[in-house]
Amino acid sequence: MKTKKFYWETRELVIIGSFAALIKIISFLVSIAGGGMNPLALIAKNVVATSLLIILISSVRKFGVLTLYVAISGIIIMLTMGRGMMLLPGLLIAGILCELIIKFTGGYKSTRAIIMGVFFFDILFRVISLVLGFLFTRENPQLMIMAVVVVSIGYVGCLIGLGVGSAFAKELKHAGIIKV
Amino acid sequence: MTGMQFHAGDNYLSKLNTLTKLTITLFFSVLIVFVKNETALFILFGASVFYVAPLKRWKAMVIGYGIILFMYLSSILFSALLGLIADRFGAKENFQMLVPFLRVSFMINLSLALTLSSGVRRLTNVLKTLKLPRFIFLPTIVVFRFVPSFMNDIKQIHQNIKLRMGNPNLGMMITRPRLFIRLMIVPAVVRALRSAEELSVAAELKGIDGVDNMINSTPELWSWRDTVAFSLSLVLAATVLYFSMEAV
Amino acid sequence: MIDLKNISYAYPFQNEKALNDVSLQVHKGEVVLLTGESGCGKSTIAKVTNGLIPHYFKGDLQGKALINQINSSDVEIGEISQSLGTLFQDPEQQFFCNDVYSELAFADEVRGVDPKLIYEKVARLSKLFEIENVLDSSIYELSEGEKQKVALASIIVLEPNCLVLDEPTANLSPEATENLGKEILRLKKDGFSILIVDHRLYWLSEIADRVLVMKNGEVVMEGAFSILESRNLRTKYGLREYCVPSHHKSNATFSSGLEVRNLSFGYGKKPRIFTNYSVSMQAGKVTAIRGANGVGKTTFSRLLTGLLKANTGVFLLDRQELSPNMLLSKTSLVLQNMDHQLYSRTVIEEVEGNMELLKRLRLNNFSQRHPQSLSGGQKQRLAIASAICRNPEVIILDEPTSGLDGENMRIIGDLLRVEAEKNKVIIVITHDLEFIDKCCDEQILMKAEK
């Protein structure tokens, strides 16, 4: 049998692309069903996004998956919302850092390490985006405070999502849908 | 030629070079970050409606704008409430609704034009000519391929939720969050993982790993349309920047 | 030619072998049918033949799969598809592009073939398969029959001389199945070696040269198509009928049940699918609805369940008029794709703890399993059980038998009969003539509006 030519298998790249789209679509739909931008819908949206992210990493378990996902969703955000330029640096830096966190806290085989990684990713990219947003666009400070409040409410959803996501990942493995 | 009927479409949008459409979309996605002037955004939005018009997806567009508007309205309401609770945040006059709404609608128009008039094969060709590495272009192509087929899945999942619980709404999320999340997320994830599996098998059977040699059997030549599209884009960009400067 | 030598295989993390020392050959210009009950390993054979095992699905493979004397383990999947093409059960599954021309041209473009040659090939094949008029259509706009043709053409474009067809007729109407049969005969005449993996047998009686029957990962029987005429053999190995009766059932009696009066419906500004359509379905009976692909059967089922609102028309259940919302609460619909409907953590949870029902469906041994880990036939049974659990007065099944073996079909048929006897209205949308013959009492044939 021929040896593998690429670091990324086709299957893995396809899963990453699909999930980049899936996470955007589903969290958008949850926001709509939840009545727009209210605290509850915001939380629900982040529960879903974070848990799907955990499922993605659990299905690919390879160094670089988070960063690559972040890059692809950066492209999507850029093409659909015209904000990618502002978000992408923060996302990429957070992605790489958390990839290292996963690697050094137990590796991609460990669900706990993945949860740790996503936990820090969710904080880091929010903080970096807020800071960059503040420096870059010199928004009104009052709006910044508002943004911090909104982002913090969203983060509550992320925390719930960590639990929901790892439970789902376990279940999907049990069901034989996640094979690694 | 041989009596074959294949043609990409009759409107000017389909006749534009895919690379032209991609460049225009990327160019404006960068430019738009710097545009905060309402008049400028209105001009951009108006131009993009003309650009996307040949697709004739009026209904989808109106629904799309409606949803975006709804999202921003609700976020304003939420911020206003937040302002009431702690009145030192009450910077109501600073709420900008039109700016983000126009910005997103504008970008949605550009992306719709790109995706609906190009298709996976032409996009793969263009991304190949840009010499993007495999690990970037393959997932990007997958996004374009995944969205339309997943829309069909969403429809079915929605029907299934309706059959079991009624129309999805906030009340449902509060009163029966577990059931709601399961009905929505389990099928979505299962479908996404399974269709990713199918799609990668399809890609491998088509020989995607050897994509470095890829050629385009329907070469896209540079035409006067592309020159016009680029010139108009530049004029538009200049106008918009002029308005933005004036506002400062 | 296809030559499998002593193939044994176990999926990753599985102790049990999916295939045990299977050898088979398909010669030039020969059509071989591989059949057997669900889970017997016939789809695994298809995967070994086209190289997905071991290239895509890992696991433990022994033996050799030779395609034109080349061991498929030694070359890449993309290379194998130039000598052997695979047609899957759901053609959409193998489309990578989103328009027909691209689907046909893509594989050659990736290989860097001369554009002029690609253009000529696509022109020739689209004429041969009669898909010229859909070349610039989106793949989502095609009928099932057209999809199948496009998929077949997109394989042939690489000029292989071997083919594997994995349950190619599961989604096809009887007419489209007949057309596919003709295509296969033509390819056979052109010298292709063709391996067909299928539950449905009748359509191959004039096509298959040889039949192999599998059970538990082994080939247990081999011979001419006529060996399938033995009822004992079919029962023993859980097979379907070898021929399908041509008499059709009528829809004559009506005393009580579900009535539709003067139904009119169309999507948006598109042409009406129904104009003043009236029909009735008797309670206590299993009624089949059939008709060509695209005639509006699925739309009809959505109207009956209240998922879609009719433009005009009245729905009556036991002579009482129902609004769409009331329809929604009194009916249950089993959708075609199981992935969308099963959402619980365990099988028993999916049927709200009703062990009795699981027993009747022979799923009791799986009560603690995850629903998505079941086989196709088991999932279909479970989805139907879950619909029954909600105790609706009307149960509608949209294509419940695609890809079911003889045994599974019988179990589902029995279950529907029991439910019908509780004076419920059971409606089955299906192409499956064998299912209609065995399990349905009445039949409604839908025709396109002119």
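Any read-out appearing in this document is the output of simple, stated calculations on the displayed coordinates, not a laboratory observation. Keep in mind the model is a prediction, meaning the values are calculated, not measured. Every residue, glycine as well, gets a Cβ built from its backbone with ideal geometry; the counts of neighbours run over all protein chains shown.
With a cut-off of 8 Å between alpha carbons and a minimum separation of six or more residues, what is the relative contact order of chain A in percent? Don't skip to the end; give the middle numbers.
Working: 206 pairs, mean separation 52.6, N = 180.
Relative contact order for chain A comes out at 29 percent.
With each label point set 7 Å from Cα along the Cα-Cβ vector, what nm distance links residue C:69 and residue C:15?
Distance between label points: 4.3 nm.
In peptide C:89-100, what is the residue-averaged number of other protein chain Cβ atoms found within 10 Å of each Cβ?
On the way: counts 0, 1, 0, 5, 7, 7, 7, 16, 10, 11, 8, 1.
Average neighbour count from other chains, rounded to a whole number: 6.
Using the Cα centre as the reference, give the magnitude of the dipole from point charges on the C-beta atoms of the stretch B:132-217 (Lys, Arg: +1; Asp, Glu: -1; all else neutral), rounded to the nearest 20 debye.
Working: 11 positive and 6 negative charges, 135 e Å.
So the dipole magnitude of the stretch B:132-217 works out to roughly 640 debye.
Amide H of residue C:165: which non-local residues (sequence gap of 5 or more, or other chain) have their own amide H closer than 5 Å, using H built in the peptide plane?
Distant-sequence amide H within range of residue C:165: C:87, C:195, C:196, C:197.
Could you point to the residue in C:326, C:91, C:68 farthest towards the positive end of chain C's charge dipole, with +1 and -1 charges on the Cβ of Lys/Arg and Asp/Glu respectively?
Farthest towards the positive pole: C:326.
Using DSSP, restrict attention to beta bridges with both residues in the protein assembly as shown and report what percent are antiparallel, rounded to the nearest 5.
Details: 34 of 69 bridges.
Bridges in the protein assembly as shown that DSSP calls antiparallel: roughly 50 percent.
Compare C:240, C:200, C:410 in a GNM of chain C, Cα atoms joined below 10 Å, and give the one with the largest fluctuation.
Answer for the Gaussian network model of chain C: C:410.
Quick check on the stretch C:149-276: of the DSSP beta bridges with both residues there, what percent are antiparallel, nearest 5%? Don't skip to the end; give the middle numbers.
Working: 6 of 11 bridges.
Here the share of antiparallel DSSP bridges comes out near 55 percent.
Across every pair of different alpha-carbon atoms, what Kirkwood hydrodynamic radius in Å does chain C reach? Show your work: numbers first, answer last.
Working: mean 1/r = 0.0426 Å⁻¹.
Result for chain C stands at 23.5 Å.
Scan the stretch B:156-212 for trypsin sites (Lys or Arg not before Pro) in coil per DSSP, keeping those whose Cβ has at most 16 other Cβ atoms within 10 Å, and list them by number. Write down the numbers at each step before the final one.
Numbers: sites: B:162, B:164, B:178, B:182, B:191, B:194, B:206; in loops: B:206.
The qualifying sites: there are none.
When DSSP beta bridges are limited to those with both residues in the stretch C:80-198, what percentage is antiparallel, rounded to the nearest 5? Write out the running numbers ahead of the final one.
Numbers: 1 of 10 bridges.
The antiparallel proportion sits near 10 percent.
Please list the equivalent ellipsoid semi-axes of the stretch C:2-236, computed as the square roots of five times the alpha-carbon gyration tensor eigenvalues, in descending order and whole angstrom.
On the way: eigenvalues 170, 92, 48 Å².
Semi-axes (√(5λ), whole Å): 29, 21, 16.
Counting only other chains, what is the mean number of Cβ atoms within 10 angstrom of the Cβ of each residue in peptide A:18-30?
Values: counts 16, 8, 5, 9, 12, 1, 2, 8, 8, 0, 2, 6, 6.
Mean partner shielding for this stretch: 6.
I'd like the mean, over residues of A:45-53, of how many other protein chain beta carbons sit within 10 Å of each residue's own Cβ. Before the final figure, lay out the partial values.
On the way: counts 0, 0, 4, 4, 0, 0, 3, 4, 0.
Average per residue, whole number: 2.
When the Cα centres of the stretch A:21-47 and the stretch C:83-98 are compared, how far apart do they sit, in Å?
35
What aspartates and glutamates sit close enough to residue A:5 to cross-link, taking a C-alpha to C-alpha distance under 17 Å and skipping anything fewer than 8 places away on the same chain?
Cα-Cα hits under 17 Å: B:204, B:209, B:212, C:74, C:76, C:79.
State to the nearest 20 debye the size of the charge dipole of chain B about its Cα centre, where the only charges are +1 on K and R beta carbons and -1 on D and E beta carbons. Intermediate values should be presented prior to the final figure.
Numbers: 25 positive and 13 negative charges, 153 e Å.
For chain B, the charge dipole is close to 740 debye.
Mind checking the full-extension length gain between residue C:229 and residue C:255? Use 0.36 nm per residue of separation minus the Cα-Cα distance, one decimal, nm.
On the way: separation 26, 0.36 × 26 = 9.36 nm, distance 4.00 nm.
Contour length minus Cα-Cα distance gives 5.4 nm.
Using the beta-carbon distance between residue A:28 and residue C:25 and R0 = 56 Å, what value does 1/(1 + (r/R0)^6) give for FRET efficiency, to the nearest 0.05?
Working: r = 53 Å, r/R0 = 0.95.
It comes to 0.60.
Who wins for biggest fluctuation among C:220, C:100, C:425 in a Gaussian network model of chain C, springs between alpha carbons below 10 Å?
C:220
Taking the number of other C-beta atoms within 10 Å as the exposure measure, put C:370, C:431 in order starting with the fewest. Before the final figure, lay out the partial values.
Details: C:370 21, C:431 25.
Sorted ascending by nearby Cβ count, the order is C:370, C:431.
Compute a Gaussian network model of chain B, connecting alpha carbons closer than 10 Å, and tell me which residue from B:107, B:173, B:214 fluctuates the most.
B:173
Where the Cα atoms of the stretch C:257-445 are projected onto their three principal axes, how long is each span, largest first, in whole Å?
Computed over the stretch C:257-445, the largest-to-smallest principal extents equal 48, 32, 32 Å.
Please go through the stretch C:245-322 and write out the chymotrypsin sites (Phe, Trp or Tyr not before Pro) that DSSP classes as loop and that have at most 16 other C-beta atoms within 10 Å. Please report the intermediate quantities before stating the final value.
Numbers: sites: C:254, C:265, C:267, C:274, C:277, C:300, C:315; in loops: C:254, C:267.
Within the stretch C:245-322, the qualifying chymotrypsin sites (Phe, Trp or Tyr not before Pro) (loop, at most 16 other Cβ atoms within 10 Å) are C:254, C:267.
Arranged by the count of other C-beta atoms within 10 angstrom, fewest first, what order do C:190, C:441 take?
On the way: C:190 10, C:441 17.
Fewest to most other Cβ atoms nearby, the residues stand as C:190, C:441.
What is the Cα radius of gyration of the protein assembly as shown over 2.2 N^0.38 Å, N being its residue count?
Details: Rg = 28.2 Å, N = 878, 2.2 N^0.38 = 28.9 Å.
Rg over 2.2 N^0.38 Å, computed on Cα atoms: 0.97.
Could you derive backbone 3J(HN,Hα) for the stretch C:130-141 from the dihedral phi with the Karplus parameters 6.51, -1.76 and 1.60 (θ = phi - 60°), listing whole Hz in sequence and x where the residue is Gly or Pro?
Once θ is set to phi - 60°, the couplings for the stretch C:130-141 become 6, 10, 4, 6, 10, 4, 9, 7, 6, 5, 6, 8 Hz.
Relative contact order for chain B using alpha-carbon pairs under 8 Å, separation at least 6, rounded to a whole percent?
Working: 147 pairs, mean separation 83.9, N = 248.
The normalised contact order for chain B reaches 34 percent.
Just to confirm my numbers, what's the Cα centroid distance between the stretch C:302-331 and the stretch C:344-380 in Å?
The stretch C:302-331 and the stretch C:344-380 have Cα centres spaced 30 Å from each other.
For the protein assembly as shown, what is the charge dipole size about the Cα centre, in debye to the nearest 20, if Lys and Arg each add +1 at the Cβ and Asp and Glu each add -1 at the Cβ? Kindly include the intermediate steps, with their values, before the conclusion.
Values: 94 positive and 78 negative charges, 353 e Å.
It works out to roughly 1700 debye.
Tell me, what is the percent relative contact order of chain C, built from C-alpha pairs under 8 Å that lie six or more residues apart? Numbers along the way, then the final one.
On the way: 898 pairs, mean separation 75.8, N = 450.
Relative contact order of chain C: 17 percent.
Run the quick spin-label model on residue C:352 and residue C:141: label points 7 Å from Cα toward the beta carbon, then report their separation in nm to one decimal.
4.4
Residues of the stretch C:50-90 with backbone nitrogen within less than 14 Å of a virtual label 7 Å along the Cα-to-Cβ line of residue C:6, please, listed as ranges.
C:62-65
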